[in-house]
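One structure is given below, encoded as structure tokens.
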Amino acid sequence: MSFQGDYAAVADLLRRSWSENPEPSINYTEEYLHSSFAYPGTSPELAPTVYEGGQPVAFVAGFPRTAQCGGQNLRLLVNTFLTADPKHKGKAFGAGIWTEFLKRAKAAGYDGTINFCVDGGQTNGIVVECGRRLNLQTEKIFSIPYLARLLRPAQRTEPIPATAHDIELFLELATEPASTVPLARTWSRPEAEWQCRQRTGALTVSLRRESRAGILTGTLVEVLGEPIVPSLLVEDVFWGSLLPEERLELVSEFCIRGSGAGAQMISLPLMGYADMAPFQKSGFRKSRRLIHVYMTCWTGAGQFGELPAIYMDVF
């Protein structure tokens, strides 16, 4: 059946299931999940869920994205949260619900799906095998390493909401990856509004100097562990026309704002679409985290193979 909107129960399922992973994972809280399903175009029909005794025991969700690839516009679903209750692991619950997800995505008229799998996790095998069973080509198209650093404590301050000018700047600069990156998501205004200021934990920081401007976005989350670590995930990196020293200034301000909001750590996925030197010069170092990106496509878009870069938000 489809997701019934029981966010607290699914948050508990994810926490119990992913706490067994060797690498720390994000604590997807009830509030975070509720906010995610408020993303424009999201439907509970694209979140097949297995219930047992009224409680969710297996879950996956898809969120709509539009992307440019080789001159084509693709309607994709970024699928995430694939999990099964620990007591049901090894019983093909994950494979079953992933197969159902692919069937629903295809029936809904999407061109394909993108899946993110932690290196060494069981889902890497599940997505490839289920695609094969349905005669759908599933390819690993990219692997995402991460940079990270600790944040210096700062006086607690409320995050400053993104302004209308920030939204305009974001939409302007977000068009650039589509002309240089093999697979790059595009944005509608409602999506940009959600990304920059409506979702839970949104942090958007822009910098303007004369005619030059750039913008960074991210989200404040918790990373599971003992203790739980408040963290900031960098998501969109658009330098625009900023000079090198201005890029460093933007990174510094972003880190200060994140620390002021309570984050103790900041991490950044490396996807090849933006210059990472300002982060490295600001103390970011390679972390152990590695995410593999899989594409399943069924509308004749062709085989992708390993891509040199992508621009897509990572769940």
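For the chain, what does -39500 (n - 2.57) per DSSP helix run (n ≥ 4), summed and divided by total residues, give at 222 nm, in deg cm²/dmol to the nearest 500?
-8000 deg cm²/dmol
Would you pull out the residues with amide H under 5 Å of LEU290's amide H, same chain only if 5 or more places away, H placed 1.01 Å from N?
For LEU290, the qualifying residues are ASP119.
Given the pairs LYS91/LYS140; LYS87/LYS286; LYS91/LYS286, which are separated by over 28 angstrom at their Cα positions?
LYS87/LYS286; LYS91/LYS286
In the chain, with Lys and Arg counted as +1 and Asp and Glu as -1 at Cβ, which of these residues, PRO182, VAL221, VAL10, has the Cα nearest the positive end of the dipole, that is, farthest along it?
Farthest towards the positive end: PRO182.
What size of dipole, in debye to the nearest 20, comes out for the chain about its Cα centre when the only charges are +1 on Lys and Arg C-beta atoms and -1 on Asp and Glu C-beta atoms?
Working: 30 positive and 33 negative charges, 110 e Å.
For the chain, the charge dipole is close to 520 debye.
For segment 1-142, what ratio Rg/Rh do Cα atoms give with a Kirkwood hydrodynamic radius?
On the way: Rg = 14.7 Å, Rh = 15.6 Å.
Using Cα coordinates only, the ratio equals 0.94.
Once you keep just the Cα pairs under 8 angstrom separated by 6 or more residues, what percentage relative contact order results for segment 148-287? Display every interim value, and only then the final one.
Numbers: 234 pairs, mean separation 43.5, N = 140.
Value for segment 148-287: 31 percent.
With N set to the residue count of the chain, report its C-alpha Rg divided by 2.2 N^0.38 Å to two decimal places.
Against the empirical 2.2 N^0.38 Å value, I get 0.97 for the chain.
Given +1 on the Cβ of Lys and Arg, -1 on the Cβ of Asp and Glu, and no further charges, what dipole in debye does segment 111-208 carry about its Cα centre, rounded to the nearest 20?
For segment 111-208, the charge dipole is close to 340 debye.
So which aspartates and glutamates can LYS103 reach, going by Cα to Cα under 15 Å and dropping same-chain residues fewer than 8 places off?
Within the straight-line limit of under 15 Å, LYS103 reaches these aspartates and glutamates: GLU45, ASP111, GLU129.
Considering the dipole of the chain built from charges on the beta carbon (Lys and Arg +1, Asp and Glu -1) around the Cα centre, which of ILE26, LEU136, MET265 is farthest to its positive end?
With unit charges placed on the Cβ atoms, the residue in question is LEU136.
How high is the relative contact order of segment 73-165, given as a whole-number percent (alpha carbon pairs under 8 Å, six or more residues apart)?
Values: 56 pairs, mean separation 25.9, N = 93.
Worked out over segment 73-165, it gives 28 percent.
Taking amide H atoms as placed 1.01 Å from N in the peptide plane, list the residues 5 or more away in sequence, or in a different chain, whose amide H sits under 5 Å from that of LEU134.
none
A short reminder: the numbers here are calculations on the coordinates, not readings from a lab. Source: prediction; values computed, not measured. Heads up, the Cβs are rebuilt from the backbone with ideal geometry, glycines too, and the neighbour counts pull from every protein chain shown.
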